[in-house]
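A.B. asks: Take a look at this one; I'll ask things after.
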Amino acid sequence: MKVLTVNFLTCAVKTCKTSPEAFPLHFRDAELAQQDLEFNPEFIKNMLLRLDWNAFRVTTSELGFSTIPAEKPEGDALNDETLLRDLHKVLLETQVMEGKLVCGHCAHEYAIKEGIANFLLPNHLV
Amino acid sequence: MSRPEDSLPPDLFYNDLESRKYTTSSRIRNIQASMTNRALELLDLKHPSFILDVGCGSGLSGEILSGVPPEEGGPHEWVGMDISASMLDVALQRDVEGDLFLADIGQGVPFRPGSFDAAISISAIQWLCNAESSDVSPEGRLTRFFGGLYASLRRGGRAVCQFYPKNDAQRMMISAAAVRAGFGAGILEDDPGTKSAKLYLVLTVGGGELESQGG
Ligand SMILES: [Zn+2]
């Protein structure tokens, strides 16, 4: 699972829909892999507007990245290719292959195997 | 020809053998590709976009999304949801670029509001009408799916779902559930009245009603 995707993912449990603690989900025992993908600056700029920067900082610190700026880049910074390439590397090329995503509200654990997260829930939680 | 929807739920129907058959049959691949291209045309995306593929299966559609050239507004990034672990396994082996989720769309769409620019679904949403147990109903599954999909799309976003309704009642039930969720909805039919007729449910968020039309 890509770091980008986690920034949009919420807990699927019904009672977590409106809870602020349910976002972002937290990684546990994450094993990372790097995948080379073509740099697509237009896409990064498109997503930056929608990215929840605080959640992104939480996720990246859990995964051990320490160089994420405190503030979301805006304006002229969006034309800084070095910055966009760094974001491309973290958001799209960094993948969590094994581990869990854990909800901070209900503590439900979503397993990640071979990069695929299992979001199937028992019916009573839906 | 019997409909797979009438025999088993999708996670059981698309077992390892069926999943491989589905992905390697060149006839199925060609049909799937042409439906994906048609859906892309209807989505009319101008910029590299973040797309949800509902019922992504082995990633046949996703590969097309990843491969849209810059002069046609791509390439796009996609997230795929599918209930069949066997299908997702084939997607892994084929090394697709999208992010894959083992998930039941009838349980909802677990993404925060306004996540996606667009959504695409090829031959999947009629499965929502299968409810196997007493505590889930087709209506409940349709409501959770369309409600979640509506919320997860950004304002002005679109979803195009090619589907195979069993009959007119099912076609009505599905489109009515989409409208109840808040979508502007229209059904487009390609090659109507022929054996290769294809239905596309075209959904808009915060847009006007689309006219139902033949294609
Ligand atoms: Zn939760």
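A.B. asks: Please report the net charge: other residues with Cβ closer than 14 Å to the Cβ of A:F65, K and R +1, D and E -1.
C.D. replies: Charge balance in the 14 Å sphere: 0.
A.B. asks: In region A:1-62, which GluC sites (Glu not before Pro) are in a loop and have at most 11 other Cβ atoms within 10 Å, using DSSP for the loop call?
C.D. replies: Here the sparse-neighbourhood loop sites are A:E38.
A.B. asks: Using the Cβ atoms and a cut-off under 12 Å, what net charge is assigned to the surroundings of A:H105, where Lys and Arg are +1 and Asp and Glu are -1?
C.D. replies: Overall, the nearby charge balance is +1.
A.B. asks: Now for a separate question. Let me check the size of chain B from its C-alpha atoms; what are the radius of gyration and Dmax in Å?
C.D. replies: So, for chain B, Rg and Dmax equal 15.9, 50 Å respectively.
A.B. asks: Among B:S84, B:S134, B:S152, which one shows the biggest mean-square fluctuation in a GNM of chain B, springs joining Cα atoms closer than 10 Å?
C.D. replies: B:S134
A.B. asks: Can you list residues whose amide H is under 5 Å from B:H47's amide H, if they're 5+ apart or on another chain and H is modeled 1.01 Å from N?
C.D. replies: Result for B:H47 returns nothing.
A.B. asks: Quick check: Cα centre of region A:71-88 to Cα centre of region A:1-70, how many Å?
C.D. replies: 17 Å
A.B. asks: Still on this structure: To the nearest 10 square angstrom, what accessible area does B:M173 show with a 1.4 Å probe?
C.D. replies: Its accessible surface works out to 60 Å², give or take rounding.
A.B. asks: Still on this structure: Counting only GluC sites (Glu not before Pro) that are in a DSSP loop and have at most 14 other C-beta atoms within 10 Å, tell me the longest site-free stretch of chain B.
C.D. replies: No qualifying site falls inside B:1-131, the longest such stretch.
A.B. asks: Which of the trypsin sites (Lys or Arg not before Pro) across region A:46-126 are loop residues per DSSP, with 13 or fewer other Cβ within 10 Å?
C.D. replies: Listed in order of number, the matching sites amount to none.
A.B. asks: What list of whole percents do you get for P(r) of the protein assembly as shown, with Cα-Cα distances grouped in 10 Å bins up to the one holding the largest distance?
C.D. replies: That works out to 5, 26, 36, 24, 7, 1, in percent per bin.
A.B. asks: Shifting gears a bit: Suppose accessible area is computed on protein heavy atoms with a 1.4 Å probe; arrange B:R94, B:R144, B:R20 from highest to lowest.
C.D. replies: Largest to smallest exposure gives the sequence B:R20, B:R144, B:R94.
A.B. asks: With the contact rule set at Cα under 8 Å and sequence spacing of 6 or more, what percent relative contact order holds for chain A?
C.D. replies: Reported as a whole number, the value is 41 percent.
A.B. asks: Determine the total buried accessible area between chain A and chain B, counting protein heavy atoms only with a 1.4 Å probe; round to the nearest 100 Å².
C.D. replies: 2600 Å²
A.B. asks: Next up: Let me cross-check B:S26: its accessible surface, 1.4 Å probe, with only protein heavy atoms counted, in Å² to the nearest 10?
C.D. replies: Here the residue's solvent-accessible area equals roughly 80 Å².
A.B. asks: Among A:H105, A:H26, B:H76, B:H47, what's the order by accessible area (1.4 angstrom probe), most exposed first?
C.D. replies: Result, largest first: B:H47, A:H105, A:H26, B:H76.
A.B. asks: Once you have the alpha carbon radius of gyration of chain A, what is it after dividing by 2.2 N^0.38 Å, with N set to its residue count?
C.D. replies: 1.09
The values are calculated or read from the model by the stated rules, or taken from the named source; none is laboratory data. Bear in mind that the values here come from a model prediction, so they are computed numbers and not experimental data. Methodologically, a virtual Cβ is constructed for each residue, glycine included, from the backbone with ideal geometry; neighbour enumeration extends over all protein chains shown. Ligands, DNA and RNA are stripped out before the accessible areas are found, and what is left, the full protein with its side chains, is counted by its heavy atoms. Shrake-Rupley method; radii C 1.70, N 1.55, O 1.52, S 1.80 Å.
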